[in-house]
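Below is one structure; the comments refer to it alone.
The values are calculated or read from the model by the stated rules, or taken from the named source; none is laboratory data. In this text the structure is predicted, and so the values were computed from the model without any measurement. We place every Cβ from the backbone using ideal geometry, glycine too, and count neighbours over all the protein chains shown.
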Amino acid sequence: MSQNTSNKLVFFDKEKYRHPSTYQLLPFSFTHHSDDRYIISNDSGEYTFLTQDELGRVISRELSPGSDLYLNLKGKFFIADTIDDNLLNLLATKIRTKKSFLYAFTSLHIFVVTLRCDHSCGYCQVSRQNVANTKYDMSPETADKSVDLVFKSASDTIKIEFQGGESLLNFSLVKRIVLRALEKNKTANKNLQFIIATNLSNITDDQLEFCKLYNILISTSLDGTEDLHNANRPLPSQDSYKRFSTNLERVRSKLGYGGVSALMTTTTLSLQRPKEIIDEYVKLGFRSIFLRSISPYGFATRTKNLSFYETEEFLKFYKTGLDHILNLNRKGIELSESLAEIILRKILTPFPTHFVDLQSPAGVGIGAVVYNYDGLVYLSDEARMLAEMGDKHFALGDVHQNTYAEIFTNPILVNALNQSVAEVLPGCSDCAYKPFCGADPTYHYRVQGDEAGHRPTSGFCQRNMGVIRHLIDLIESGDQEILDIFYSWINRTSVRETKELRS
C-alpha cells in the first residue's frame, strides 16, 4: 500500500506484489552441512544440497525455468510452477505415507515378568533383584489382565515381548501369557508374535521346545569378545561369555539362525574396540549388529566408570565401527548395522520406521507400551526404568484399576506425544535433518527435566544428527558400492542381489 497527498491509504492491486518469477516456493528447511554446502529438506522426506549462492537464488526465485537445478527442485517438491489440488494431494500422499506408522496404534507390548536376574551388569538400566526374591515377579492375575488389555489394541499386528530382569526366571508365567494370548487370538485374528529377551545363561531344553512349538523368537545380549562381555555382563561364576556362546549354539540348533538376535551396549570399555566387537559378531554367525549407546537409567547412572562418555566419543566409535562393517561387506561378509538401517530407510525410501525413538510423534504408548510386574503400565521401557529409579511420572495406569480407554487417553501420554512432534519443537521445526530424526520425551525429561527438551544441549539430538550427517555423506560420496550395501540392508537382500536389480 502507499500514502497519497491527502493522507489516505491506497491499496495497490494484488498484481503489484506478485513476484516476477514463474515458480513458487513450497515449505522446506535448510541447514549448513559442510563447507559451502547447505542441505534442504521437506516433510515428505526429500532432500538435496545447494551452495550458499544457489540457496540464495532459490529463495529469491531467480532460477531459470528448465535448468537442471530448477527441474531437480521441482521434482522433489521444493518449488512448483503452480500450487493446485493435484500438487497438494500428491504432497499429502507422500507425507501420509511417512506418517503411516500412526495408523496401526500400539503393536509392541512389553511384559516385565520379573526383576530377578543372575547377572550384575554395571550398566543395567533397571533395579535388578536377587534371583531368590520372587516378590518382584509378575502375578498370574496381573498377567491375565495385561493380556486382556493387549487385545484391545486396534493394531492388526501384536508383538508380545518378555523382559526382566531375566525373563526365563519366571518362565511358568511366560508360558501362561503365550497360551492365553493364543487363545484370545482365535477370535481376534491378529498377526501375533512373541519374543523373549534373555541372557541365555540358564536356558533349558524344555524352554527351547516351548519356543519352537509356538515360534517364539529369542533376543539376547552380546557385548563383544570374551573378556569384554565378561567385564560388562559379569556372573559370580565368571563365565558369562562361555555360557552365552554355548547356549547360543543350542538355541540355533533348535530354532535356527533366524530364531535368535543379539544386542550390544557400548560402555567405556567398548570405545576403543569397535572392530573387535564387530568381528566377534561375525565369528559367532550374526548377520546384524546394533552399535547402541548407553541409556541414562538405572545402575548406568551410578557406574560412571562403565557408562560415562561424551557424545563425540560414541560418534567416533560408531563411525569407526560402521566403516569396518562396510569394509567387511565389500569382502563379501554380509553384516548390517541396525541403527544405520533404520535411518537409511527414512532417507532412501518413502516409508516410515517403526523404531519408536526415531518417530514424530514418538512411538511412546502408541507404538510400544510396557506392562510392569506390579501391574503399572508405562508409555515406554525407558519410562519403566525411570520408575525403578523412583520417578513414576510416566505411569499411565494400573491394569487392575484402569480401563484401556483410561490408560491410552491419559493426559500424561497425550502430553508426551504433544511434546514429541518434531515438526513443531523448538530446534527441530526448522532443522533440515528433521525428516530423518525423531523425538524422545522420556530421555529429555530424564536428562533435561522437560519432555520437549533443549536441542542445542541434547545428547539425543547431537548423537542422531552426527549419525544422520555421516550416513548422508556416505550416500552422497558417489561410491556405488556403498549404496548397494545400504540398499541391501533396507531391502533385506544380499549385495549381489541388489547389484543385479540395479543392473
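A few notes on this one:
- Looking only at the stretch 449-474, and only at residues there that are assigned to a helix (DSSP H, G or I) and polar (S, T, N, Q), the one that is farthest from Lys76 (Cα to Cα): Thr457
Quick grid of which residues meet (1) crowded, with 17+ Cβ neighbours inside 10 Å; (2) closer than 16 Å to Leu376 by Cα; (3) within 23 Å of the chain's Cα centre (by Cα):
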site: Thr93; (1), (2), (3): no, no, no
site: Tyr103; (1), (2), (3): no, no, yes
site: Ile110; (1), (2), (3): yes, yes, yes
site: Val113; (1), (2), (3): yes, yes, no
site: Cys117; (1), (2), (3): yes, no, no
site: Asp137; (1), (2), (3): yes, yes, no
site: Thr142; (1), (2), (3): yes, yes, no
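- Extreme residue, farthest from Lys275 (Cα to Cα), among residues of the stretch 187-211 that are more than 25 Å from the chain's Cα centre (by Cα) and loosely packed, with under 14 Cβ neighbours inside 10 Å: Thr187
- When residues of the stretch 389-411 are limited to those that are crowded, with 20+ Cβ neighbours inside 10 Å and assigned to a helix (DSSP H, G or I), the one nearest to the chain's Cα centre (by Cα): Phe408
- Condition met for Leu173 (buried (at least 17 other Cβ atoms within 10 Å of the Cβ), assigned to a strand (DSSP E or B) and in the same structural domain as Thr403 (by TED's automatic domain parsing)): no
- Ile203 vs. criteria in contact with a Cys (Cβ under 8 Å, 6 or more places away or on another chain) and of a type in the set (Val, Ile, Thr): no
- Each residue in the stretch 418-448 was checked for being in contact with a helix residue (DSSP H, G or I) (Cβ under 6 Å, 6 or more places away or on another chain), under 13 Å from Asn42 (Cβ atoms) and part of a helix (DSSP H, G or I), and 2 pass.
- Residues of the stretch 373-388 classified as in a loop (DSSP other than H, G, I, E, B) and surrounded by fewer than 24 Cβ atoms within 10 Å (Cβ to Cβ), total: 2
- Listed here are the helices (runs of 4 or more DSSP H) enclosed by the stretch 193-270 that have at least 3 residues being among the hydrophobic types (A, V, I, L, M, F, W, C): 205-213, 240-255.
For every residue, the table says whether it meets (1) closer than 24 Å to Val414 by Cβ; (2) in contact with a Leu (Cβ under 6 Å, 6 or more places away or on another chain); (3) among the hydrophobic types (A, V, I, L, M, F, W, C); (4) assigned by TED's automatic domain parsing to the domain that holds Asn42.
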position	(1), (2), (3), (4)
Tyr433	no, no, no, no
Phe436	no, no, yes, no
Ala439	yes, no, yes, no
His444	yes, no, no, no
Gly453	yes, no, no, no
Ser458	yes, no, no, no
Arg463	no, no, no, no
Gly466	no, yes, no, no
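- The set of residues from the stretch 272-298 being of a type in the set (A, V, I, L, M, F, W, C) and modelled with pLDDT of 95 or more comprises Ile277, Ile278, Val282, Leu284, Phe286, Ile289, Phe290, Leu291.
- All conditions but one from (1) without any contact (Cβ under 8 Å) to a residue 60 or more places away in the chain; (2) crowded, with 17+ Cβ neighbours inside 10 Å; (3) under 21 Å from Ile325 (Cβ atoms) apply to Leu263; the one that does not is (2).
- Qualifying residues in the stretch 27-43 (those that are part of a loop (DSSP other than H, G, I, E, B) and either in contact with a helix residue (DSSP H, G or I) (Cβ under 7 Å, 6 or more places away or on another chain) or among the charged types (D, E, K, R) (or both)) - the one surrounded by the most Cβ atoms within 10 Å (Cβ to Cβ): Asp43
- As a summary of the residue check, Thr82 satisfies the conditions (1) assigned to a loop (DSSP other than H, G, I, E, B); (2) assigned by TED's automatic domain parsing to the domain that holds Lys152 except for the one numbered (2).
- Residue in the stretch 459-479 that is free of Cβ contacts under 8 Å to residues at least 40 places away in the same chain, among the basic types (Lys, Arg) and surrounded by fewer than 22 Cβ atoms within 10 Å (Cβ to Cβ) present: no
- Every test in (1) loosely packed, with under 14 Cβ neighbours inside 10 Å; (2) over 19 Å from Asp206 (Cα atoms); (3) more than 26 Å from the chain's Cα centre (by Cα) is passed by Thr246 save one, and that test is (2).
- Leu149 meets all of the listed conditions (1) in a loop (DSSP other than H, G, I, E, B); (2) over 30 Å from Ile294 (Cβ atoms) but one, namely (1).
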